[in-house]
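We did not get these values from a lab; they are worked out from the coordinates using the rules stated. Note that the structure is a prediction, hence the values are computed from the model and not measured. Quick reminder, even Gly has a Cβ in these numbers, built from the backbone with ideal geometry, and neighbours come from all protein chains shown.
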Amino acid sequence: MAANGAPTKITQGSQTKGGIGESTLRPDGTLKVTGEFAYSSDMWHEDMLWGQILRSTVAHAQIVSIDTSEALALPGVHAVLTYDDLPTDVKHYGLEIRDTPVLAHGKVRHHGEPVAIVAADHPETARRAAAKIKVDYRELPVITDEASATAPDAVLVHENREDHHAGHVPHPNILHRQPIVRGDVARARARADVIVEGEYTFGMQDQAFLGPESGLAVPEEDGGVHLYIATQWLHSDLRQIAPVLGLPEDKVRMTLSGVGGAFGGREDLSMQIHACLLALRTGKPVKIVYNRFESFFGHVHRHPAKLHYEHGATRDGKLTHMKCRIVLDGGAYASASPAVVGNASSLSVGPYVIDDVDIEALALYTNNPPCGAMRGFGAVQACFAYEAQMDKLAARLGMDPVEFRQLNAMEQGTVMPTGQPVDSPAPVAELLRRVKAMPMPPERQWESSEGADVRQLPGGLSNTTHGEGVVRGVGYAVGIKNVGFSEGFDDYSTARVRMEVVGGEPVVTVHTAMAEVGQGGVTVHAQIARTELGVTQVTINPADTRVGSAGSTSASRQTYVTGGAIRHACELVREKVLEIGRRKFGSHHPAWATAELLLEGGKVVTDGGEALADLADVLEGESVEVEEEWRHRPTEPFHPRTGQGNGHVQYSFAAHRAVVEVDTELGLVKVIELACAQDVGKALNPLSVLGQIQGGTTQGLGMAVMEEIVVDPKTAKVKNPSFTDYLIPTILDTPTIPVDVLELADEHAPYGLRGVGEAPTLSSTPAVLAAIRDATGLELNRTPVRPEHLTGTRRSEG
Amino acid sequence: MRVNFTVNGRPQEADDVWEGESLLYVLRERLGLPGSKNACEQGECGSCTVRLDGVPVCSCLVAAGQVEGREVVTVEGLADYAGQRSCGTGDRTSPSGTARDTDSQTGEGTRLAPIQQAFIDAGAVQCGFCTPGLLVAADEMLERNPDPTDADIREALSGNLCRCTGYEKIMDAVRLAAARQSEGA
Amino acid sequence: MDFLRPASWEEALAAKAEHPTAVPIAGGTDVMVEINFDHRRPEYLMDLNRVGDLFEWEVGAESVRLGASVPYTRIMENLRAELPGLALASHTVASPQIRNRGGVGGNLGTASPAGDAHPALLAAGAEVEVESVRGSRRIPIDEFYTGVKRNALAADELIRAVHVRKADGPQQFSKVGTRNAMVIAVCAFGLALHPQTRTVRTGIGSAAPTPVRAKVAEEFLNAALEEGGFWDNGKIVTPSVAQRFADLCSAACNPIDDVRGTASYRRHAVGVMARRTLTWTWESYRGARRITEGAA
């Protein structure tokens, strides 16, 4: 029996004509507004059990003993599993480094680490059973920052490291370190008329996707398992899951269920292996749904960071050099930290021309929550710091902050600190110009004839000011983000495209393993097929592991890479269709042999516009199917000591202008407007592009003024794992977000497009910070800014 | 325990309900109505918003036993609910008021409430997890306040978190639904 | 867990007498979160939604008798004239969805220092009507909060209503949170002018183990207003008086550092809110006086 809620094909009918460049509407829109769209947490199966995870209550401890007997004795409990029950020798997983235990063994390394799992007939039974498992911990000292990690007597978070970074790091509690050295900083420094230094702190942000981790594992008759799951990358999950289960990959079938947002937080595994283990052990389908509390422990977060920067500039405003040191807290397990380090170091200079740099970025192993992928991926932390530096430099030089940035802005041809030339448009100065040219929002919009409208003032509905203490500020920022997987990673996608005649109409079916997480890949992929193959009806098959890997829905890469794979497969399909056409009709018209032929409007047409045949006739009795892998240009690893190498495939750029009003007495902030200009190369779906830019901008706003996972420095325990105390922006916190989209084609990319999703998350945060600095005159070297930072009330009393 | 109540106009009975279960759990896991979403279970996100005797509430904060004998409208019943309302006022001209042939795969042709159609048209749906709760809340606001200011919309929807859109397209969708509603009236 | 569904107030009292550990649930704002997150597994849950009496209010000559379950939305919409401070506070409670179900009875029952209604009730002056099968009593609001999340209820008692003195002058409520909506108070402040008695009353939330009044500040301001003849001459409150009042309100706090804010910030913010709400209420009082004089 199929699981209830298994995804079905999504077909868009002939009312949707849209090829690329049109704001075609989402094919899953109707299902999503009627509540019929099946998310992973909506999956249901007759006779299914509920899984529950028991997590560590301490951050760092030896596990002296685990007693599951009382839990097993509870009626309704079908299985209780610990490390000892794992079926094979593979007991760890990880994106790059297999350092994460499926279930804790001997030791727990962070608060909330999975220790045991339970399957029971009702979630409450499973919770009661988990509560009856007795775990005896002997607590160990916690490593929480660089000082404690590298102290002479520091406890090692991971003993006996064997990963490929272990050989080049200065301390076993440093997971990975990437220096980049270029030019001669000492000589350049001597040229500087002003030197500005800053020490910056970036808090721990959570992806806070709204659909918590969940999935359903269904045991299959052949001894395998079918997992319905919300993830960002089915095949990466599969590669990590199968060996732990002791199954060949073809016996672990994976189907993408509806995904309630991701933003990087679903790049690592969460409950996948646990659900499969319980299903295989009990022989019953097992559903696991995290609640919000557990979700905060169930996925990695954005790395908190300490950043030290030094910049110099000449009197006439030219940057001379940059030195920086970026320390990222990777937490207890590696996740994507090495790649985040690569990004933080290689993008640490920002979108500016600086020939002489001395850069170091590293990630620590600590007992804090594991950190990994989140929208912006290492570039976000750096952007916050270098943009603060740009404002400081401009102020020291008495220059306008936007003009100062424009004077130093990179452009096509600029060489990155890694030695890689930027070989496509880099309209940094232009984006700044555009965002600055947008009309300013009117002053004092909160004033009305009936008095102050508190909804438009800092504090909002809480009625804290009627205008008292309110000061406006304006700030600018711009950032640079790489698109796609970097540093020599074999970054490819696979598309299967089929064309046939159904009911007299030519129909195209596209099958990829691309994870639709809300971004609209399914919309754009159908648009590509329409454009390439000239049909209106395109069916997007559910994403699953019956087709090759699509790579991750991250790094702003799916439109580029899976879109590229679909275009490539479509081109091959077109060739085959034309071959059939030539075979069938070639004798009817000489143009079949001589002209450039296209597929348009359901017909084969010449480049002169003459119709040669209906596709329905060409494909009568035949179908064409192609499955192909497609890769973007190869990249290279960064040299471990110099950081040199053509590490990135494409860059994307966005600039923001923030207008804020700050209640300077209470330290409350209202963002009035957050304007953005971004170059997207080519907007395949303009409406979706706006959605990405506005959504990314708002996540950056959250990081500026409210979002932070607070970890107790003494215990490494998370203090606010809930939506009561981890706040994300409401609609009353979010301003209007006017967007100016620039389309300068990147000739190396399909259709000239540029990945869109991440760049707006970079510059949004520093723009808001700059605006708050403008309003308050405060230095503000940390984000998020809290009221106590704006009112001089940070220190505890007594 | 057993709970009897009305959901989207139909009487429903749930058996063997554990006393600590929420209305949200009963809807999703016992009545096969998973449209209301579980995103926080603490009244801090609005994804589970339903109408209880006409009033928008977080169904995660309603104990199952509290709905005995009461009426619940979920996103699954929103089109009918809005349709009855517009029939009641003589408004039958909403752009989506007519049913077309329904495509079982995409739901195309499904009868939609004006606010549902507006969310699709304005691009207010991305991952869609917040969408059901927002639709129920926005529909109720337009019922009370057919001509809302932007500040009114923001206040009425301030209990519904969205993580994908930055809310701009949601604002557009509500404005669009209000405009279509007033054209149709 | 058992679910009790009393159909009337009398049945509810009888059930509570029989099962003193029964946890009453009305709007569910606090209780359901505790259940959903496994923080609490009461032996009995007692639904009060079927007790219609709790959803009603009566406006009397001196005070409003506000049923424990009257939703905050109703208070905002219907009692702005009589209970302006509480109406403003109601508007800051959580989200529209929660304001549609939650009522003052829940705030009082939970007695969290962060409950939004408390400062407004303290400032207005109120009595909590509680009852058990043993009888009914009224607890003055100043005696109601006995400790962190503790109140003066006996195990067999239920909150039936709160009697809030009708406003005889301007009232204000202000709350600091780190978000512009749907936020738990970092700290909050309520202020009510009582021209009839020529007194002011205050309420402070989230800045001490319980909601508290700033009594020293009230006494100072009462004396200063009296001494300067402000009630009669309707002059602007001297900035130094307002600042002294604000400082004394800050001094009435006994806050802690937590994930929502530092103690030092709370003390500071209460002072700012005290000064601002005094300005707003006093301006309003002066305006009302001018209108009254103009009409006379």
Residues whose placed amide H lies under 5 Å from that of C:S63, excluding near-sequence neighbours: C:K166
Local electrostatic count, A:G350, Cβ distance below 13 Å [Lys/Arg +1, Asp/Glu -1]: 0
Under the Karplus curve 6.51 cos²θ - 1.76 cosθ + 1.60, θ = phi - 60°, whole-Hz ³J(HN,Hα) for segment A:641-652, x wherever Gly or Pro sits: 9, 9, x, 7, x, 7, x, 10, 9, 7, 10, 10
Helical segments meeting 20 Å axial Cα length and Kyte-Doolittle 0.0 threshold in chain A (DSSP H): A:379-397, A:686-705, A:759-776
Fewest-first ranking of B:F5, C:F144, using other Cβ atoms within 10 Å as the exposure measure: B:F5, C:F144
Distance between modelled label sites at A:V415 and B:D16, nm, 7 Å Cα→Cβ extension: 7.2
Counted charge near A:I97, where neighbours are those whose Cβ lies closer than 11 Å (Asp, Glu -1; Lys, Arg +1): -2
Using a Förster distance of 45 Å, the FRET efficiency for A:T715-A:R239 (Cβ separation, nearest 0.05): 0.80
Relative contact order %, chain A, counting alpha carbon pairs below 8 Å whose residues are six or more apart: 16
Exposure proxy ranking, count of Cβ atoms within 10 Å, fewest first, for C:M1, A:M43: C:M1, A:M43
Highest-MSF residue in chain B out of B:C60, B:C48, B:C40 [GNM, Cα springs under 10 Å]: B:C40
FRET efficiency, 1/(1 + (r/R0)^6) with R0 41 Å, evaluated for A:D84 and A:A154 via beta carbons: 0.85
Euclidean distance of C-alpha centroids, segment A:610-660 and segment C:1-59, integer Å: 59
Per-residue ³J(HN,Hα) for segment A:251-268, Karplus 6.51 cos²θ - 1.76 cosθ + 1.60, θ = phi - 60°, Hz, x for Gly and Pro: 9, 10, 8, 10, 10, 6, 8, x, 10, x, x, 8, 6, x, x, 10, 6, 8
Rough spin-label spacing in nm, given labels placed 7 Å along Cα→Cβ, for C:R198 and C:E10: 5.0
Cut-off under 5 Å, modelled amide H: who pairs with A:G260 long-range: A:S40, A:G211
Two-site FRET efficiency, C:R80 against C:Q243, from Cβ-Cβ distance with R₀ of 30 Å, rounded to 0.05: 0.50
log10 of Debye I(q)/I(0), alpha-carbon scatterers only, for the protein assembly as shown at 0.05 Å⁻¹: -0.36
Sequence-separation-based contact order of chain C, relative, with Cα cut under 8 Å and 6+ spacing, percent: 15
Within-13-Å neighbourhood charge of B:R30 [Cβ basis; K, R +1; D, E -1]: -3
Contact order relative to length of segment C:153-219, as percent, for alpha carbon pairs under 8 angstrom and 6 or more apart: 22
Cα point-scatterer Debye curve for segment A:91-167, base-10 log of I(q)/I(0) at q = 0.14, 0.22 Å⁻¹: -0.65, -1.17
Fewest-first sequence of C:K175, C:K235 by Cβ atoms within 10 Å of each Cβ: C:K235, C:K175
Nonlocal amide H pairs with A:Q207, under 5 Å, H built at 1.01 Å: A:R302
Segment B:135-183 and segment A:287-359: distance between their alpha carbon centers, rounded to Å: 37
In Hz, Karplus ³J(HN,Hα) per residue of segment B:55-61 (6.51, -1.76, 1.60; θ = phi - 60°; x = Gly, Pro): 9, x, 9, 7, 6, 6, 9
Candidate lysines - alpha carbon under 19 Å from A:K323, same-chain residues fewer than 8 apart omitted: A:K306, A:K392
Listed pairs A:K91/A:K251; A:K32/B:K37; C:K166/C:K215; A:K17/A:K481; A:K32/A:K682 exceeding 23 Å between Cα atoms: A:K17/A:K481; A:K32/A:K682
